[in-house]
Amino acid sequence: MFGRRRPGAGGASRPAADARYGRAGAGRARAPVLSRPHGRQSGLPGVVGLRPAGGGALRGLCRGAAADAQRRAGGHVRRRRARRRGHRGRTGQRTVRTGDAGGSGAGRAPVDADALRPHPPGGSGPSAGSHRIRAGGLARRRVHAIFPRSPGAASAAPPFRVSGKGIGMADIAKRSVDYNRWYQDVIQAAELADNSPVRGCMVIRPNGYAIWENIQRILDAKFKELGHVNAYFPLLIPKSFLAREAQHVEGFAKECAIVTHHRLKQVTENGKTTVIPDPESKLEEEYVIRPTSETVIWDMYRKWIQSYRDLPILINQWANVMRWEMRTRMFLRTTEFLWQEGHTAHATAAEARAETLQMLEVYRWFAEEILAMPVITGVKTANERFAGAVETFSIEAMMQDGKALQAGTSHDLGQNFAKAFDVKFQDAAGKVEHVWATSWGMSTRIIGALIMTHSDDEGLVLPPRIAATKAVIVPIWKNEEEMAQVCAAADGLAAQLRVAVGPVHVDRRDNMRPGWKYAEWERKGVPLRIELGPRDLAGQQVMMVARHDRKKEAVGFQQLAEAVTSELARIQQDLFDRAVTRRRENTHVIDSWEAFTGLFDGPGGFAECHWCGDGDCEKAVQEKTKVTIRNLPLVRDETPGACVHCGKPSIGRVVFAQSY
RNA sequence: CGGGGCGUAGCGCAGCCCGGUUAGCGCGCCUGCUUCGGGAGCAGGAGGUCGAGAGUUCAAAUCUCUCCGCCCCGACCA
């Protein structure tokens, strides 16, 4: 994810990773990330001989298989046609998009977007003598006046903007029927993102951005704990910079947006006024919108580094980047995306390698502990290496359709960029040498992975640790008096819960019924729902319902904070366990080509196979089956065997899968 | 960038083939009343440059051309 694959030849065998830093398996036992590994990584034996790979990249043939799967299941296009036909052919019966028995949609209740917005104090005061509460805009404002939003409640305002029902109301396609459609539907239904007027770019909506903010907050804290600092480098990169590192330019040249002018000019043609780039403002040196920042950063590092005393430099940047992709998908591949890119400079190769592995471990920790997403840490093959890297490491996750998704990468850049940008330092002995570099990144793509790891046919499912709203309280009432009592109690409980578990929202909208609210919060992935009605109030208890398994439990007011805390922990663990189980069930040790093609013609998943280490052999597999080597796990079976494709000797198993 | 599909109200769609009053329907939205423990009911109402631009025509959502966008497939990739 961090970078372009290196298009050209790979290096010879590289030192392998220290197994300490990788967790390949379900990895309940975690390697702590708390301290920087000190000392050198001694040279380690090759994980597998990574041979020089041939030139041009061979790319994601993997899509075809997904397409097949989709065709099998009845694809998008067919679905649409069916809908159209349905309208024409069947008398009066509309074609319903999913299995919703509601059909006519008669059962949809109204929702008011305004209900949760703070109302201006003026003009919303209760008017004496009026007791009309429930209906109508004005009356609704009175409700808010009766129950003013407390400062506490306001500060814990939901990241979910409660929108009108018209938005995100589309039924969600079933995963089993149309996985791609389902993915898009979930994003729409949970209001995570929307298409923008700019091709291939998305608008990240508040619900989606809240997830990104949590990702930023948690990762940023971890980076800083490990000694990194943040900085910001410019969006525009002089075109010539890209050309400095041969592999790098080859990797990125095809998808750069280029700034050529600095001024627009109004022109009127056939009575229409429009704007064009002013020919007189053409730039002498054109700029490239960064596809990644290695070049600008290393140009600066040259100025900042003279002696070993200036090292290491451990800088991270939170930024947007742009890669002109042919085909885009929300979060997974957009023309512009947000990410974090770390760029470090070191005095020794060993230190750089240690940093690379340390950050890989950070990503592993983050994916597994925070996102409840099990990942395989490993080394990329030469074919899949970042353009300009000596070695690329990745974390790979399995999505619910069995395909792999690279969720974070960490690169050992060796001295490639130091040489390209002439960054040298003098060591303690007075010797001048190029510095050693790393870079590592995680992007908004991880949100796509998060969606595809946990969500279900009802909508988004979020692990509590990354969810912006941990729980939502739905008060239930029949009349004004009950409403007052129930809402007051809900506010009190919410205040306690906020202290215990963080953001909690009280959904006091009075224009929709509880059932509607349940469905809405489920779509939006809030991990826990707490129902509180008059009967509960009488018994001093609530009903607590988990989003992911709908487990329902009555909890007394006194035990609530504790119960919610432990229930959120249970949810977090369940989601992780569920994902681990799914991965295990869809991971197969495969030793014959027949079994290999059988797996990927059929259900798909991960295949642990022997591989000879030859890049051409890897490409041949890809061309035949659309399956690629995801990585060479840091912890893996190193029993010798025969390559699953060509039969040549192999010194260990690697992970094959179709990928996003 | 090649192949296919689709752009009509916030969402989902009909109308287009065969050009002709004020462009319809469901949901949502607004107003009122009744409702409220799993997606409420009735009544009234608002909302449209028919993706954009040219062209043909007395007349274009409808026919022609160009462009833009979205979706699927291929190529490419985080």
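Points to keep in mind about this one:
- P(r) weight above 14 Å for the range A:469-526, C-alpha pairs, percent: 54 percent
- Heavy-atom accessible surface of the range A:586-657: percent carbon and sulfur, 1.4 Å: 53 percent
- Kirkwood radius, the range A:259-339, all distinct C-alpha pairs, inverse of mean reciprocal distance: 16.7 Å.
- Separation of the range A:176-248 and the range A:572-598, taken as the distance between their Cα centroids, equals 28 angstrom.
- Gain on full stretching of the segment that runs from A:ARG302 to A:ARG199 - 0.36 nm per residue minus C-alpha separation: 33.4 nm
- Using a probe of 1.4 Å, the accessible surface attributed to A:VAL499 totals some 130 Å² when neighbouring protein chains are kept in position.
- Take A:534-541, A:515-522, A:566-573 and order them by the average number of nearby Cβ atoms within 10 Å per residue, most first; the result is A:515-522, A:566-573, A:534-541.
- Solvent-accessible surface of protein heavy atoms, probed at 1.4 angstrom with all chains present, puts A:ARG636, A:ARG302 in the order A:ARG302, A:ARG636, largest first.
- Cα shape, the range A:488-558, gyration tensor, a/c 1.5 rule: rounded
- Reduced Cα scattering model of the range A:586-657, Debye log10 I(q)/I(0), q = 0.16 Å⁻¹: -0.45
- The range A:479-557-the range A:376-391 distance, computed between alpha-carbon centres (Å): 48 Å
- Placing +1 on each Lys and Arg Cβ and -1 on each Asp and Glu Cβ, with no other charges, gives the range A:203-249 a dipole about its Cα centre of roughly 100 debye.
- Heavy-atom accessible surface of A:ARG323, to the nearest 10 Å², is about 10 Å², with a 1.4 Å probe and all protein chains retained.
- Here the range A:586-657 is treated with +1 on each Lys and Arg Cβ and -1 on each Asp and Glu Cβ, and its dipole about the Cα centre works out to around 140 debye.
- Think of each Lys and Arg Cβ as +1 and each Asp and Glu Cβ as -1; about the Cα centre, that makes the dipole of the range A:285-374 roughly 140 debye.
- Pairwise Lys count, the range A:211-344 - Cα closer than 20 Å, eight or more residues apart or different chains: 4
- Kirkwood radius and radius of gyration were both taken over the C-alpha atoms of the range A:221-315, and their ratio Rg/Rh is 1.16.
- Values of log10 I(q)/I(0), in the order q = 0.17 Å⁻¹, for the range A:332-464 under a Debye, Cα-only, solvent-free model: -0.89
The values are calculated or read from the model by the stated rules, or taken from the named source; none is laboratory data. These numbers come from a predicted model, not from an experiment. Backbone-built Cβ (ideal geometry, glycine too); neighbour counts: all protein chains shown. We work out accessible area using only protein heavy atoms, side chains counted, and drop any ligands, DNA or RNA first. Shrake-Rupley method; radii C 1.70, N 1.55, O 1.52, S 1.80 Å.
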